[in-house]
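The values are calculated or read from the model by the stated rules, or taken from the named source; none is laboratory data. Small disclaimer: the values here were computed from a predicted structure and weren't measured. Note: ideal-geometry Cβ built from the backbone for every residue, glycine included; neighbour counts use all protein chains shown. Accessible surface areas use protein heavy atoms only, side chains included; no ligands, DNA or RNA. Shrake-Rupley method; radii C 1.70, N 1.55, O 1.52, S 1.80 Å.
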Amino acid sequence: MKNLIKSLSFLALIAFCETAVAQSAANQTDPVKFNNPIIKDKYTGDPAALVYKDKVYLYAGHDEAPNDVNSYRMREWLVYSSSDMKTWQEHPVPLKPTDFAWAKGDAWASQVVEKNGKFYWFVTVTHNESIHGKAIGVAVGDNPLGPFKDAIGKALITNDMTTQTKISWDDIDPTIYIDDAGKAYLYWGNTVCKYVKLKDNMIEMDGEIQTVDLPKFTEAPWIHKRKDWYYLSYAYDFPEKIAYAMSKSITGPWEFKGILNEVAGNSNTNHQSIIEFKGQWYFVYHNGSIPTNGGSFRRSVCVDKLFYNKDGTMKRVIMTSEGIQ
Ligand code: FUB
């Protein structure tokens, strides 16, 4: 009998210890919460953020290259929304290159802007065989989440309209800025940075295509404004850093201000967008940081805070794993 009681007490002690260990493990919180990359279940690149009412909408290309493929495979754009820059909700796929009858693929960089209650989505795609090279198209919708449809029925910009360089991928990466007078300007380019004013309908050019001379311009221009300064940030050199220039006018002259963001870990591109949301500025970019096969063709969107100096110049971005806490 004594022995039985001893054994039962011993078993009870073991059960108690196991429960205590399990509880202590459950109570242990990871001291660091990694919010970057913000999307962990898919590879995403070329983020373009839009602030509309009390939300941020994030448009990104879906990187779908298999692990052994070192080139872009991008067949759709994705859209996410957030009210706090920390939690992101995915919505149904809003747009694909196949929604443009004249395009044959490649959901490269894009940007959505709102004008008079309509949402215009400027995209990079590959044009079908009738015009060689990349092209810029425009889709339109009544809601930031779509549905979107081709707004023109043909490309807005094609490779044969620009002759500054012989490459076929120089008409990519559109960014649009609508000034205080409601006039829209489209900037874009690879190797050469180009811009043109748009008509009020957002789907026609209003004047000739112009160029901007920027040091080591690779691609990915993005225009934003703070106080009375315009900022033209862009991918600089290759592998890409992000650099920027400032101007008092949307059409320049632009004064080069240096590097804003370093090469983004494990990705040869960096592709930024810059927004202000609820009083804080954010730098949205991509790197290749998903541990399982992340890299230049399997990228991931990240967000970090952006700060300014007193003279309006921007402080160098500090890329973090923690992201927005
Ligand atoms: O995603 C394809 C291309 O890679 C983009 O258009 C460029 O900006 C670079 O990020």
>> Could you check the range 122-149 and list, in sequence order, the residues that are open to solvent by less than 30 Å² (accessible area, probe 1.4 Å), closer than 14 Å to residue 91 by Cβ and in contact with a Gly (Cβ under 8 Å, 6 or more places away or on another chain)?
In response: 148
>> With the structure loaded, tell me whether residue 305 is more than 16 Å from the ligand (Cβ to nearest atom), within 17 Å of residue 186 (Cα to Cα) and not hydroxyl-bearing (Ser, Thr, Tyr) or whether it fails that test.
In response: no
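If I go through the range 85-109 residue by residue, how many of them are part of a loop (DSSP other than H, G, I, E, B), more than 15 Å from the ligand (Cβ to nearest atom) and without any contact (Cβ under 8 Å) to a residue 40 or more places away in the chain?
Narrowing the range 85-109 to residues part of a loop (DSSP other than H, G, I, E, B): 85-88, 96, 100-102.
In the following step, the residues that additionally are more than 15 Å from the ligand (Cβ to nearest atom) were identified as 85-88, 100-102.
In the following step, the residues that additionally are without any contact (Cβ under 8 Å) to a residue 40 or more places away in the chain were identified as 87.
Within the range 85-109, residues that are part of a loop (DSSP other than H, G, I, E, B), more than 15 Å from the ligand (Cβ to nearest atom) and without any contact (Cβ under 8 Å) to a residue 40 or more places away in the chain number 1.
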>> Between a residue in the range 48-63 that is more than 16 Å from the ligand (Cβ to nearest atom) and any residue that is acidic (Asp, Glu), which pairs come within a Cβ distance under 8 Å, given they are 6 or more apart or on different chains?
In response: 50/114; 51/276; 52/114
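Does the range 40-52 hold any residues that are of a type outside the set (Ser, Thr, Tyr) and either open to solvent by 10 Å² or more (accessible area, probe 1.4 Å) or farther than 18 Å from residue 108 by Cβ (or both), and which are they?
Keep residues of the range 40-52 that are of a type outside the set (Ser, Thr, Tyr), which gives 40-42, 45-51.
Result: 40, 41, 42, 46, 50, 51.
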>> It is to be established whether one or more residues within the range 172-188 are over 26 Å from residue 255 (Cβ atoms), among the aliphatic types (A, V, I, L, M) and either open to solvent by 30 Å² or more (accessible area, probe 1.4 Å) or within 16 Å of the ligand (Cβ to nearest atom) (or both).
In response: no
>> As an exercise: evaluate residue 71 against (1) small (Gly, Ala, Ser); (2) closer than 24 Å to residue 274 by Cβ; (3) within 16 Å of the ligand (Cβ to nearest atom); (4) open to solvent by 10 Å² or more (accessible area, probe 1.4 Å) and give the number of the one condition it does not meet.
In response: (2)
